[in-house]
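Comments concern the structure below.
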């Protein structure tokens with residue numbers, strides 16, 4: 001149901017070995033995305049945004065948009081999608097990890113913003129999360145391994161995602177709350193509501209923030 005589409009922005013340069021990149025244990029940000037899909041010779045472009053909370057201490061991730069909320073609980077290996085008064089549960093299959101694989105090399109490093117800007121390290125997503133069969137890039141701030149952007153490509157669709165206004169810590173732990181008991185049995189009505197008004201697509205990559 002939650003399917004990622006993204007723009008692949010491939011950059012040149014030599015691959016170099018660096019120390020393992022680990023994002024902060026707790027941080028929040030605004031995630032903005034632009035999706036483009038190709039069908040029957042037509043291009044459909046849409047934009048959306050959500051607040052995103054990462055807590056690698058409690059092993060939980062939350063996405064909160066205008067009309068939806070997604071909570072990933074890696075203690076229970078479950079994902080909960082809440083919208084329009086309904087909730088749907090799905091199993092998570094890949095453990096949560098706040099560090100990139102030690103064997104992954106930086107594909108390229110870029111200076112952003114001139115001499116007083118920041119250095120961005122760009123990784124090949126196919127090598128970071130090979131289990132998803134995605135093509136694209138994942139970029140982080142070289143100083144601190146803060147997420148900067150993510151681009152992905154699937155058959156018939158492309159997307160680009162940007163991480164904005166990153167702050168440390170979790171301001172309100174209730175962002176990870178889900179209906180109690182988690183997700184009632186009214187899943188059929190929930191599915192029907194999604195067909196009437198599909199939810200925005202987001203990258204659910206457990207090994208990537």
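A residue that is part of a loop (DSSP other than H, G, I, E, B) and in contact (Cβ under 8 Å) with a residue 24 or more places away in the chain can be found somewhere in the range 153-161.
Quick check: anything in the range 69-90 surrounded by 14 or more Cβ atoms within 10 Å (Cβ to Cβ), free of Cβ contacts under 8 Å to residues at least 60 places away in the same chain and part of a loop (DSSP other than H, G, I, E, B)? Yes, that holds for at least one residue.
When residue 165 is tested against (1) closer than 26 Å to residue 45 by Cβ; (2) modelled with pLDDT under 90; (3) part of a strand (DSSP E or B); (4) within 20 Å of the chain's Cα centre (by Cα), just one condition goes unmet, and that condition is (2).
Of all residues being in contact with a helix residue (DSSP H, G or I) (Cβ under 7 Å, 6 or more places away or on another chain) and modelled with pLDDT of 85 or more in the range 123-139, which is surrounded by the most Cβ atoms within 10 Å (Cβ to Cβ)? Just the residue, please. Among those that are in contact with a helix residue (DSSP H, G or I) (Cβ under 7 Å, 6 or more places away or on another chain) and modelled with pLDDT of 85 or more, it is 138.
The values are calculated or read from the model by the stated rules, or taken from the named source; none is laboratory data. Everything numeric in this text was worked out from a predicted model, so none of it was measured. Positions of Cβ are backbone-derived with ideal geometry, glycine not excepted, and every protein chain shown enters the neighbour counts.
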